[in-house]
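Undergrad: Here it is, the structure in full.
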Amino acid sequence: MSPIISSSQLKNIPVENLVILDARTGKEVKQNYLEKHIKGARFIDLDKDLAEIGENAAFGGRHPLPSVGKFAETLSDLGIYEGAHLVVYDDKNASNTAARAWWMLRSFGFENVQVLDGGMQAAEKAGLEFSSGEEIINKASLIKKDQWELPVSSLEIVESDLKNNSSTVIDVRDAYRYKGESEPIDLVAGHIPGAINIPFSENLDENGNFLSPDTLKEKYRKLLENKPEHLIIHCGSGVTACHTILALDYAGFPMPDLYVGSWSEWSRREGKEIAKEI
């Protein structure tokens, strides 16, 4: 199953076994959901459901993964069961939070998970049906897992692999953040020494939709030529990185590692070198 689905394709999917998740973020996001969402969509919260935010971002970053046990409870509360066809969207063309949800669901063992190309705006343009208020959700049986199934890297692994030149570490943040010109979110500007910059926005066309799999494959093949094949992807806090992991999977590449702590962890960890290009 393709990890990307268009609004026209979603329109024609049988409702049976379909679960739609609204992963939008921003101010008063739950209120925005209650006012308008794709009919039947269930709200999933970045900070509460897709992360377990700790006291010190120097250990885990700003959006650490929750335990698999806690995520299992979230899925149960959302009525998500084994064998469900899951479609996730957000309200940004970039689909960053939807991609994080996609990665976590895939890593939890779900196979039929897709991100809605173009997000809520594309759904509105395509004439999908919308509703308001809370959706009636029947709690599902708890699915038990021991660990996340997709590969992740720690700060220590990133540091070691860069030192040994055994992995290509890709920073998907905007170029000005990577270069250290300014930093709007984290405490320090710059990047991990040895990491290369391929902004996630380059996965998209001028309309905010994902480039075709063939275009993405050729693009990354050229960018990664003569570099270590094993990939570790990071961003600011392990959310936007999933956008590029989604794009790479869409293009047919092996699933890369996610460095969850990302720049928010590295830049706060005492003694870690910081590179700039200014």
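Undergrad: Non-local amide H neighbours of ASN197 (under 5 Å, H modeled in plane, Pro and chain starts lacking H): which ones?
TA: Those lying under 5 Å, H to H, from ASN197 are ASP171.
Undergrad: What is the calculated FRET efficiency for LYS219 to GLN9, with r their C-beta to C-beta distance and R₀ = 22 Å, to the nearest 0.05?
TA: 0.40
Undergrad: Then there is this: Using a basic spin-label model with each label point 7 Å from the Cα along Cα→Cβ, how many nm lie between GLU277 and GLU183?
TA: Here the modelled spin labels are 1.7 nm apart.
Undergrad: So which GluC sites (Glu not before Pro) in the stretch 175-242 pass both tests, a DSSP loop state and at most 12 other Cβ atoms within 10 Å of the Cβ?
TA: Answer in residue order: GLU206, GLU225, GLU229.
Undergrad: Follow-up question, since we're still on this one. By a straight-distance test (C-alpha under 19 Å), which lysines pair with LYS163 as possible cross-link partners, with residues fewer than eight away in the same chain excluded?
TA: Answer for LYS163, where 19 Å is the Cα cut-off: LYS227, LYS272, LYS276, listed by chain and number.
Undergrad: Between ALA126 and PHE59, what is 0.36 nm times their sequence separation minus the Cα-Cα distance? Round to one decimal in nm.
TA: 19.8 nm
Undergrad: If each residue's Cβ is checked for other Cβ atoms within 10 Å, how do GLU277, GLU124 rank with the fewest at the top?
TA: So the residues, fewest neighbours to most, are GLU277, GLU124.
Undergrad: Moving on to the next point. What is the local net charge at ARG221, summed over the other residues whose Cβ is closer than 12 Å to its Cβ (Lys, Arg +1; Asp, Glu -1)?
TA: Once positives and negatives cancel, what remains is 0.
Undergrad: Cut-off under 22 Å on the C-alpha distance; same-chain residues fewer than 8 positions from LYS92 excluded. Which lysines are left, in chain and number order?
TA: Partners found: LYS11, LYS27, LYS30, LYS36, LYS39, LYS48, LYS125.
Undergrad: Starting at the first residue of the stretch 23-40, write each ³J(HN,Hα) from the Karplus equation 6.51 cos²θ - 1.76 cosθ + 1.60 with θ = phi - 60°, in whole Hz, x for Gly and Pro.
TA: The phi angles translate into 10, 5, 10, x, 5, 6, 5, 5, 5, 4, 4, 4, 6, 6, 7, 4, 3, x Hz.
Undergrad: Another question, then. Roughly speaking, what is the stretch gain from LYS227 to TYR176, that is 0.36 nm per residue apart minus the C-alpha to C-alpha distance, in nm to one decimal?
TA: Contour length minus the Cα-Cα distance gives 16.0 nm.
Undergrad: Per DSSP H run of n ≥ 4, the term is -39500 (n - 2.57); total these for the chain, divide by its residue number, and report the mean residue ellipticity at 222 nm rounded to 500 deg cm²/dmol.
TA: Mean residue ellipticity at 222 nm (helix-derived): -8500 deg cm²/dmol.
Undergrad: Going by average Cβ density within 10 Å per residue, which order do the peptides 75-87, 166-178, 57-69 take, highest to lowest?
TA: The peptides rank, most packed first, as 166-178, 57-69, 75-87.
Undergrad: Work out how far the C-alpha atoms of the stretch 4-131 reach from end to end along every principal axis, then list the three figures in whole Å, largest first.
TA: Principal-axis extents of the Cα atoms in the stretch 4-131, largest first: 44, 32, 23 Å.
Undergrad: With a 10 Å Cβ neighbour count serving as the proxy for reagent exposure, in which order, fewest first, do SER8, SER262 appear?
TA: Ordered from fewest to most neighbouring Cβ atoms within 10 Å, SER8, SER262 come out as SER8, SER262.
Undergrad: At a 10 Å Cβ-Cβ cut-off, how would you order TRP148, TRP102, TRP263, fewest neighbours first?
TA: Going from sparsest to densest Cβ surroundings: TRP148, TRP102, TRP263.
Undergrad: Another question about this same structure. Helix check for the chain. Which DSSP H runs span at least 30 Å along their own axis by Cα, with a mean Kyte-Doolittle hydropathy no less than 0.0?
TA: Taking the DSSP H segments of the chain (at least 30 Å long, mean hydropathy at least 0.0), we get none.
Undergrad: Given H placed on each backbone N at 1.01 Å, which residues far from VAL19 in sequence or on other chains put an amide H within less than 5 Å of it?
TA: HIS85, LEU86, VAL87
Undergrad: Are there any trypsin sites (Lys or Arg not before Pro) in the stretch 185-235 that are in a DSSP loop and have at most 13 other Cβ atoms within 10 Å? List them by number. Show your work: numbers first, answer last.
TA: On the way: sites: LYS217, LYS219, ARG221, LYS222; in loops: none.
Here no trypsin sites (Lys or Arg not before Pro) fit, given the DSSP loop and packing criteria.
Undergrad: Once amide H atoms are built 1.01 Å from N in the peptide plane, which residues 5 or more positions from GLY236, or in another chain, come under 5 Å H to H?
TA: Excluding prolines and chain starts, which carry no amide H, the hits are ALA241, TRP263.
Undergrad: Something else now. Distance in nm between label sites at SER76 and GLU270, each 7 Å beyond Cα in the beta-carbon direction?
TA: According to this spin-label approximation, the distance is 4.0 nm.
Values in this text are rule-based calculations from the coordinates and carry no lab data. Just so it is clear, the structure is predicted and the values come from calculations on it, not from any experiment. Neighbour counts run over all protein chains shown; Cβ positions are idealised from the backbone, glycine included.
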